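In what follows, a single structure is set out as structure tokens and then discussed.
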Amino acid sequence: MKSVIRAAIFPIGLLAILVLTLVVFRLPVLDSLKLLISGSAGDKFAWSRTAVKSTPLLLTGLGMVVAWRAGMYNIGGEGQFIVGGIFGATVAKFSVFGLTRFPSWLSTILILAACVVGGAAWAWLAGWLYLRRGVEVVISTILLNFVAIQLLGYCVSGPLQEAKKQVPLTDSLPDSVMFAKLSRQMDLHLGVVLAFFTALLVYLYLFRTRPGYRLRLVGESTRMARANRIDVGKAKIQAMAVSGALCGLAGGVEYLGMAGQLGAGFSQQWGFLGIPVALLGGLHPLLCIGSATLFGALFAGSEDLARFTTAGSTLVYVIQAVAVLGYVGIKAYSDRRPTPEAS
């Protein structure tokens, strides 16, 4: 209930933070807001940009929700996103560009599945280190992010580099393998719909299934979980694997929906940005749809703002940081307040 209340006041708080940020940057508030609105919702192309920007934010945010609900503070969405993309590009190297080429639809499915497996494996490794070696998840996932970034640089300059070996990029996927788009003039693709349904599935998993209940119970009280004969270690490592799978799925959707190839800048920090999306969504899968959409709109609108000001997308990162700090403060305050007993 508390998360729902916080989510209800979130848009008002975010608007206040946005206005204050514009004032601090010494930008005209009304003109800047008009540019943000027109860039994110001014026409069908703006709506398309917002939806596309929101998609990786939503999927990585969902990954954070699952892990954090289990008490596993996964900070490695970036690495899991990247490794998912690497696994997908590896499968594409054989199924699309290899000697034995598969049908386009099958290649798409295999690439997406490989991305999910790659992200899950990378997060599972952090969970294993926590359970078997006592390495804190926060530390291991942060360090694994850097390992993934270096691994990506090696792959795009080595075994996965494009056929001509001229630039550090993978081969571009053909349009037949990429996700179908609503229109050639817009970037809106099938991955946007996939992300929405994934949020619904995560909600059903967490709140309508026994494994989801066990996962949440482990996150709330390991003592209570053990009293109910729940294998805490198994639940935690499963949560990490599911979390990584969602982040890997985000990498696959970005690869198949927008990028079409891997390079050093493949991720664009989507894995890190999923953390404030999850927090400001109250760690609730359905509420993350709203927080991801709002931040996606800010990213889309900031492109218009960047044409007329020097701030551009910098505003979005400032707003996210302030919003997270505000959320943490409000949560700490509300948790300390005594709850009136029902009469």
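Counting Cα-Cα pairs of the range 147-221 in 10 Å increments starting at 0 gives whole-percent bin shares of 16, 21, 25, 26, 13, 1.
In the elastic network of the chain, a GNM with C-alpha springs shorter than 10 Å, the most mobile of W270, W128, W68 is W128.
For the peptides 30-37, 286-293, the ranking by mean Cβ contacts within 10 Å, running from highest to lowest, is 286-293, 30-37.
Around F179, with a cut-off of 15 angstrom between Cβ atoms, what is the net charge of the other residues, counting Lys and Arg +1 and Asp and Glu -1?
-1
With a 10 Å radius around each residue's Cβ, average the other Cβ atoms per peptide and rank 241-248, 103-110, 190-197, highest first.
Answer by packing, highest mean first, reads 241-248, 190-197, 103-110.
Taking a point 7 Å out from the Cα of Y317 in the direction of its Cβ, the residues of the range 254-288 whose backbone N falls within less than 20 Å of it are 263-280. In the chain, the portion of solvent-accessible area held by carbon and sulfur atoms comes to 65 percent [1.4 Å probe, whole percent, DNA, RNA and ligands not counted]. So if we plug the beta-carbon distance of L151 and Q268 into 1/(1 + (r/R0)^6) with R0 = 22 Å, what FRET efficiency do we get, rounded to 0.05? The value I calculate is 0.80.
Assuming charge only on the beta carbon of Lys and Arg (+1) and of Asp and Glu (-1), the dipole of the chain about its Cα centre is about 900 debye to the nearest 20. With the biggest extent put first, the Cα atoms of the range 113-244 measure 59, 36, 18 Å across the principal axes. Treating the Cα atoms of the chain as identical point scatterers in vacuum, please give the log10 of the normalised Debye intensity I(q)/I(0) at q = 0.10, 0.12 Å⁻¹, two decimals. Result of the Debye calculation: -0.62, -0.88. In a simple Cβ point-charge model (Lys, Arg +1; Asp, Glu -1; nothing else charged), the range 104-241 has a dipole of about 720 debye relative to its Cα centre.
For the chain, the solvent-accessible area works out to 50 Å² per residue, with a probe of 1.4 Å and every protein chain left in place. Taking all Cα pairs closer than 8 Å and separated by 6 or more residues, the relative contact order of the chain comes to 34 percent. Give, to the nearest whole percent, the P(r) tail of the range 144-186 beyond 14 angstrom, counting all Cα pairs. Considering the range 144-186, 61 percent of its Cα-Cα pairs are separated by more than 14 Å. Projected onto their three principal axes, the Cα atoms of the range 25-181 cover extents of 53, 44, 29 Å, largest first.
The values are calculated or read from the model by the stated rules, or taken from the named source; none is laboratory data. None of the values given here were measured: they were computed from a predicted structure. Positions of Cβ are generated from backbone atoms using ideal geometry, with glycine treated the same way; all protein chains shown enter the neighbour counts. To get the accessible areas, we keep the full protein, side chains included, count just its heavy atoms, and leave off ligands, DNA and RNA. Shrake-Rupley method; radii C 1.70, N 1.55, O 1.52, S 1.80 Å.
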